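One structure is given below, encoded as structure tokens.
Here, each number is a calculation from the coordinates, and none is a lab measurement. Keep in mind the model is a prediction, meaning the values are calculated, not measured. We place every Cβ from the backbone using ideal geometry, glycine too, and count neighbours over all the protein chains shown.
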Amino acid sequence: MLSIKNLNVKLEEEDKQILKGVNLEVEAGKVHAIMGPNGSGKSTLSYVLSGKDGYEVTEGSATLEGEDLLDMEPEERAAAGLFLAFQYPVEIPGVGNMTFLRTAVNAQRKARGEEEMSAAEFLKVVRAKAKDLKIDADMLKRPVNMGFSGGEKKRNEILQMAMLEPKMCILDETDSGLDVDAMKLVAEGVNALRSEGRGFLVITHYQRLLDHIKPDVVHIMADGRIVKTGGPELALEVENNGYADILAEVA
Amino acid sequence: MAAPAEKMNSTEAMIAAHPMPATKGWSKAARGDALARLRAMGLPDRRDEYWKYTRPDSLTQTDAIPAAVLHNDEAPLFDGIERLKIVFVDGVFDAEASDDLSMEGVSIERLATSDSDLHWARDLYGTLEKSGQTPVDRPLAALNTACATDGVLIHVTGKTSKPVSLIYRHMSDTSDAFLHHCIKLDAGADLTVLENGPAAARFNKVMEIDIADGASFHHVRAQGRDHERRAATHIFARLGTESQFKSFTLTVNGQLTRNEAVIEITGDNASAHIAGACVGDGEFHHDDTVFITHDAVNCESRQVFKKVLRNGATGVFQGKILVKEGAQKTDGYQISQSLLLDDGSQFLAKPELEIYADDVACSHGSTSGAIDEDALFYLRARGVPKGVATDMLTLSFLAEAVDEIDSETLKEEMMARLESWLARRRG
């Protein structure tokens, strides 16, 4: 599904290397988690994959089902099936949440040469999915993320993911700023989307999200590289011993 | 002090080219008075402080610079709204295209054909324009009072059932139109006036609005999209006790637009709101010049202006709140903001407060910024193409000004039109 080979990335503005040869394969139907200390390059990886400005790929490749992601505009990556749940979802005054969602859904469909969703059909589907995530009609009507609590913003991200039905989902610290109940709700939303044809890359600092979204594979990232890969037990090891032991071991 | 010779020459040339209509009627005295005022002031030139950011040359030269008529197939604005239509083509009244001018609670007449000597408009025509000449000269408005060839005189005596819709069509590349409207609202009356259309190659328009106690006046205007048209418009409004004035203007395209609004709040507990949204591209210069005077107690005024500029377009805002001595409990608010879509575009703002009362709350702000890159990336990451995403953020920026319109129907009409205009430019 997602194939990253020897990815080297530096900041455009300053000569600072952030990713130093990342290799990662996420298979369809699998959930991979990336854990790592602050500044290890986890968020950069998610931004580079989704096409944010400000980064320069100096070496390596990233493909989605064989298509070169790095050569595409952000909207083309989305239409190809890539989705990033933002760590900090952006507030957009004056743009209604529903308008935004419908524009996004139909823009992707159009880009793929599919038929656009009618207003009535869209409304029906979005209401059902919003209900599962406990997103009320008022939140749908409000401008995108305006006045949403931290938990509401993250649930709104998952609603977008559910509506867009991507092939490859990247969750960037979706647990940050969430209390236990909100995290459960978000995890349920994610788990409902797990399927054979869909891959997940869950980026997190902490093991607790992984109690709710059970990963198949766990990677530890440090200083721009994946330094260790293992099963779910690796996340528990981090939880119990911190990163220091693992980093010392691989150093 | 007499104006400099050069200024006088151009003023006299303009007066010669646009003589006072040969009226014997009630407006003759006001026209003569305005002509004398114009001669004393002279037409503006670029040395005038009030025209520091906008070159008046093309508005003051004797002949209008030709402007191509924009042909398009879009549905006329306000089409779905029940209204009384009054149509002017290149500044000339079109009886065929206009509705019958009778309507409950309102008397409507044309300036050009109202000749009774005891006309109510005698007390209004040129009166608010004249008082609006202090403390700042507005010579183009005096020129208009002197030489306006037509306009509507609207006297509202009660509640109105539908808006009066002034439609300005542009058919001739060389038209030079002068229209002057007078609107008088009796105590407790209400009226909504809609205006739309490019009007002429060059359009000089004055609207004087006298709002009596407890009356309310709503105004929604969309200036035509013809790229080369030029316009200098003035609104002069006087507000009585507990009266309300609300005006919104949408401007998309046009080579040069100067919209002045001079609002005098003379009665207690009154409120005046004025807002504008504009989208400018390339050879586009748009100037909002607003002067609100608070001369009564416990009144509120609000100015909200938003401009989106690209490809070297220029936006200007000169907004002033003057709070006179004794105008206590005044609540004055003013915001002007621009969204600059490239480095070549510019926004020039001159916000001013002048306050002579000690118990008031007045605030003003002005900002210029680029598109929010984080928001743009967020939209694109969801699959929205860059052009559409930019338009969504542009609309989002302008929505705050459009939101100032009271009527939901008119608000939606304005937003829908803005959206389709932006989409057309993209296509």
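Nearest 0.05, what FRET efficiency do A:SER195 and A:ASN23 give at R0 = 30 Å with Cβ-Cβ as r? The partial results should precede the final answer.
On the way: r = 25 Å, r/R0 = 0.85.
FRET efficiency, A:SER195 to A:ASN23: 0.75.
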Item to check | Between the stretch A:161-187 and the stretch B:205-220, the alpha-carbon center distance in angstrom | outcome: 53
Checklist entry - Quick one: net charge of B:ILE265's neighbours, Cβ under 15 Å, K/R +1, D/E -1? => result -4
Checklist entry - Out of the stretch A:181-249, which GluC sites (Glu not before Pro) are coil in DSSP terms and have no more than 10 other C-beta atoms within 10 Å? => result A:GLU196
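For peptide A:89-102, how many partner chain Cβ atoms fall within 10 Å of a residue's Cβ, on average?
5
Rounded to the nearest 500, what is the 222 nm mean residue ellipticity of the protein assembly as shown from helices alone, with -39500 (n - 2.57) per DSSP H run of 4+ residues and division by all residues?
Details: 18 runs with 191 residues, N = 678.
For the protein assembly as shown, the value works out to -8500 deg cm²/dmol.
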Next on the checklist: Please give the Cα centre distance for the stretch B:27-80 versus the stretch A:57-118, rounded to the nearest Å.
Outcome noted: 48
Checklist entry - Using modelled amide H (1.01 Å from N, peptide plane; none on Pro or chain starts), what sits under 5 Å from the amide H of B:VAL89, excluding residues fewer than 5 places away? => result B:ASP94, B:ARG169
Item to check | Rg ratio (alpha-carbon, reference 2.2 N^0.38 Å) - chain B | outcome: 0.94
Checklist entry - What does the convex hull of the Cα atoms of the protein assembly as shown come to per residue, in Å³, rounded to a whole number? => result 184
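Average partner chain C-beta neighbours within 10 Å, per residue of A:68-76? Mind dumping the intermediate values first?
On the way: counts 0, 0, 0, 0, 0, 3, 12, 11, 3.
If you average over the peptide's residues, the count of other-chain Cβ atoms is 3.
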Checklist entry - How much FRET efficiency would the formula 1/(1 + (r/R0)^6) give for B:ASP117 and B:ASP94, where r is the Cβ-Cβ distance and R0 is 41 Å, rounded to 0.05? => result 0.90
Item to check | B:THR409/A:VAL250 FRET efficiency (R0 51 Å; Cβ-Cβ; nearest 0.05) | outcome: 0.20
Item to check | Peptide A:44-57, shielding by other chains (average Cβ, 10 Å cutoff) | outcome: 1
Checklist outcome for this item: In whole Hz, the Karplus estimates of ³J(HN,Hα) for the stretch A:3-11 (6.51, -1.76, 1.60; θ = phi - 60°; x where Gly or Pro) are 10, 10, 10, 6, 6, 10, 9, 10, 6
Checklist entry - Per-residue HN-Hα couplings for the stretch A:26-38, Karplus 6.51 cos²θ - 1.76 cosθ + 1.60 at θ = phi - 60°, whole Hz, x for Gly and Pro? => result 10, 8, 4, x, 10, 10, 9, 10, 10, 10, x, x, 3
